[in-house]
């Protein structure tokens, strides 16, 4: 094993993984990350966010992948300003913790042509390049997102509400594990949220949007944590729908892969991480250039 000074982010978790080595299903932690480094004689490399913030399968450290273990960030450690984390091992089920693009996305597509707000969309064609936020705004302001989600009235939504705050909530790390984790006063970001009628019922949609091509997956907590964070404030009669949007570009235009997911109602019982699953999928393309000619 490498000396502590030579430990990379992947090797850093070997002491934790060793605890679970001979078990099919196991949990290590929750544990203060700073205490973990100290107790295992690992230098504090001031990399807490990078080391334990696993937002995609690609970002999961190789040592964890090799041991079928997911790393979860769990907010503030008790009695400390530091962050706590846990490792969750479910043999052969690592991808239960992620939405994998290649397992969901299809090449078959539908061209989306907005009927309203076309003039306002022209402003995006004036920009030399578009950011992730720009693409998200195009999806909402064109009505494409509301169309993909089958709301009663397809219309532009602008601007959707976003949020970055600290939340406390509990969940189970996997449906095959009885433990309950408490995410304590941890930072959670919500890309977009909005309420629209669907089947004549007010429905809350929580959206996580990505546009990078390096990561081809999304850790489920990017949708799960926002929902658990706000669920207690949402009236029971309003369904909560998680939505993953992946945006890509080609010569055909801007591709929106809209993945609607489902989750048991967290207002009724404690939800397990892997219970967030894909419900339906749409692949829509919007040709902004042709639209603005």
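The values are calculated or read from the model by the stated rules, or taken from the named source; none is laboratory data. From a predicted model like this one, the values you see are computed outputs, not experimental measurements. Counting neighbours? That spans all protein chains shown, and the Cβs are built from the backbone with ideal geometry, glycine included.
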Next item on the list: Could you please find all residues in the range 27-59 being within 22 Å of residue 172 (Cα to Cα), part of a loop (DSSP other than H, G, I, E, B) and modelled with pLDDT under 95?
Entry: 53
Check: Any residue in the range 201-224 that is over 20 Å from the mean Cα position of the chain (by Cα), surrounded by fewer than 19 Cβ atoms within 10 Å (Cβ to Cβ), farther than 15 Å from residue 147 by Cβ and modelled with pLDDT of 95 or more?
Finding: yes
Next item on the list: Please tell me if residue 165 is part of a strand (DSSP E or B) and either over 25 Å from residue 111 (Cα atoms) or without any contact (Cβ under 8 Å) to a residue 40 or more places away in the chain (or both).
Entry: yes
Item checked: the range 71-88 - residue that is without any contact (Cβ under 8 Å) to a residue 60 or more places away in the chain and crowded, with 22+ Cβ neighbours inside 10 Å and, of those, nearest to the chain's Cα centre (by Cα) -> 71
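Here's the yes/no breakdown for (1) in contact (Cβ under 8 Å) with a residue 40 or more places away in the chain; (2) in a loop (DSSP other than H, G, I, E, B); (3) within 25 Å of the chain's Cα centre (by Cα):
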position: 119; (1), (2), (3): no, no, no
position: 123; (1), (2), (3): no, no, no
position: 133; (1), (2), (3): no, no, yes
position: 153; (1), (2), (3): yes, yes, no
Notebook entry, point to check: Considering the range 251-280 alone, what residues qualify as being surrounded by fewer than 20 Cβ atoms within 10 Å (Cβ to Cβ), part of a strand (DSSP E or B) and in contact (Cβ under 8 Å) with a residue 24 or more places away in the chain?
Noted result: 253, 255, 260, 278
Notebook entry, point to check: Restricting attention to the range 43-65, does a residue exist that is over 26 Å from residue 226 (Cβ atoms), in contact with a strand residue (DSSP E or B) (Cβ under 9 Å, 6 or more places away or on another chain) and surrounded by fewer than 20 Cβ atoms within 10 Å (Cβ to Cβ)?
Noted result: yes
Checklist line | Failed item in (1) in contact (Cβ under 8 Å) with a residue 24 or more places away in the chain; (2) part of a helix (DSSP H, G or I); (3) surrounded by 13 or more Cβ atoms within 10 Å (Cβ to Cβ), with residue 102 passing the rest | finding: (3)
Margin query: With the structure loaded, tell me whether residue 184 is touching a helix residue (DSSP H, G or I) at 6+ places or on another chain (Cβ under 7 Å) and either surrounded by 13 or more Cβ atoms within 10 Å (Cβ to Cβ) or not in a loop (DSSP other than H, G, I, E, B) (or both) or whether it fails that test.
Written below: no
Check: Would you pick out the residues in the range 28-42 that are buried (at least 17 other Cβ atoms within 10 Å of the Cβ) and in contact with a helix residue (DSSP H, G or I) (Cβ under 6 Å, 6 or more places away or on another chain)?
Finding: 28, 33, 42
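Regarding residue 243, is this residue within 19 Å of residue 95 (Cα to Cα), under 19 Å from the mean Cα position of the chain (by Cα) and assigned to a strand (DSSP E or B)? Lay out the reasoning, then the answer.
On the way: within 19 Å of residue 95 (Cα to Cα): yes; under 19 Å from the mean Cα position of the chain (by Cα): yes; assigned to a strand (DSSP E or B): yes.
Yes: the conditions hold for residue 243.
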Notebook entry, point to check: Filtering the range 109-127 down to residues that are modelled with pLDDT of 95 or more and either surrounded by fewer than 13 Cβ atoms within 10 Å (Cβ to Cβ) or not assigned by the TED database to the domain that holds residue 261 (or both), which residue is nearest to residue 176 (Cα to Cα)?
Noted result: 110
Margin query: I'd like the full set of residues that are surrounded by 17 or more Cβ atoms within 10 Å (Cβ to Cβ) and assigned to a loop (DSSP other than H, G, I, E, B), limited to the range 90-99.
Written below: 93
